[in-house]
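Just below is one structure, and these are the notes that go with it.
The values are calculated or read from the model by the stated rules, or taken from the named source; none is laboratory data. Computed from a predicted model, the values in this text were never measured in an experiment. With ideal geometry, Cβ positions are generated from the backbone for all residues, glycine too; neighbour counts draw on all protein chains shown. Accessible surface areas use protein heavy atoms only, side chains included; no ligands, DNA or RNA. Shrake-Rupley method; radii C 1.70, N 1.55, O 1.52, S 1.80 Å.
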Amino acid sequence: MRLLFVRHAQSVGNAEGRMQGRGETDLSEHGRAQAERLHARFQDEGLLPSHVYSSPQGRTAETARIVSQSWQSSIEFWDDLREHDIGVFTGLSWDEADAQYPELGPEVQRTRDWDNVPGAEKMRERRARGERVVLQLLARHADPDVVLVFTHGGMLQHIIAALMGTKRTWGVSVENTGVFEFTLSMERRAQDGDALHSPFWWRIERFNDAAHLEGMDPAG
């Protein structure tokens with residue numbers, strides 16, 4: 001199975017340096033241009049997904065619609081692909097968080113430990129959601145499938161950790177419209193021993209690949 005994950009394009013909140021979480025913000029004009037670039041790249045590559053999934057949040061749904069505009073596949077919106085809920089920090093810049101929550105903002109900025117932020121989704125809940133996404137994708141799909149998933153930078157870290165079977169969730173600064181692509185053998189997934197150790201059956205094809213953005217002004 002080919003399994004591709006894409007982070008949404010630049011949003012207005014990204015451009016303004018705001019923490020978005022579950023907050024709603026549209027794509028910026030630069031973000032729409034990024035999504036068009038990825039659409040063109042996938043067309044040039046001849047990518048033809050059998051299934052497309054997306055977070056229902058506006059910035060991700062719009063990215064998915066732009067990138068998918070030339071395909072027949074409908075987009076299935078999936079709540080588990082939503083970004084982390086960051087509670088009272090939603091929509092704030094770090095400077096605003098520091099000013100409004102002087103005892104909490106600097107500590108969270110330093111450690112990225114959201115568990116003490118009122119209303120925020122707990123770290124263990126984020127990881128469990130990432131694992132749930134992976135388990136459902138693997139249960140729904142077979143080797144011939146080409147599955148394209150649009151989600152968020154924070155959520156991607158938990159999904160990738162779950163897919164790769166690591167207990168740690170590794171931090172990655174995910175590019176807007178960055179592409180992560182994996183191939184895996186569903187036929188051999190339940191096997192043990194040597195089947196798990198052959199890199200022929202378990203491959204990382206792309207990791208945070210944003211080559212389609214080359215030449216664009218990064219600031220938009």
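Values as computed for the structure displayed
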| read-out | value |
| --- | --- |
| Accessible area in square angstrom per residue, the chain, 1.4 angstrom probe | 49 |
| Cα pair distances in the chain, grouped into 5 Å bins until the bin that holds the longest one, percent each | 1, 7, 14, 19, 19, 16, 11, 7, 4, 2, 0 |
| Cα centre as origin, Lys/Arg/Asp/Glu Cβ charges: the chain dipole, Debye | 560 |
| Loop trypsin sites (Lys or Arg not before Pro), segment 58-116, which have at most 13 other Cβ atoms in a 10 Å radius of their Cβ (DSSP) | R112 |
| E125 accessible area, assembled protein chains, probe 1.4 Å, Å² | 80 |
| Of all DSSP beta bridges in the chain, antiparallel share, percent nearest 5 | 50 |
| Per-residue [θ]222 nm for the chain (sum of -39500 (n - 2.57) over DSSP H runs n ≥ 4, rounded to 500) | -10000 deg cm²/dmol |
| Span-rule helices in the chain, defined as complete DSSP H runs reaching 15 Å or more along the axis (Cα) with Kyte mean at least 1.0 | 153-164 |
| Rg and Dmax of segment 91-220, Cα atoms only, in Å | 18.1, 55 |
| Equivalent ellipsoid semi-axes, segment 110-170, via Cα gyration tensor eigenvalues times 5, rooted, Å | 26, 11, 10 |
| Mean-position separation - Cα centroids, segment 98-113 and segment 142-216, in angstrom | 31 |
| Unit charges on C-beta of K, R, D, E only; dipole of segment 58-186, Debye | 400 |
| Debye log10 I(q)/I(0) at q = 0.20, 0.27, 0.29 Å⁻¹ for segment 1-70, Cα point scatterers | -0.81, -1.25, -1.37 |
| Share of carbon and sulfur in the accessible heavy-atom surface of the chain [1.4 Å probe, %] | 48 |
| Label-to-label distance, nm, for residues given as M216 and D79 (7 Å Cα→Cβ offset) | 3.1 |
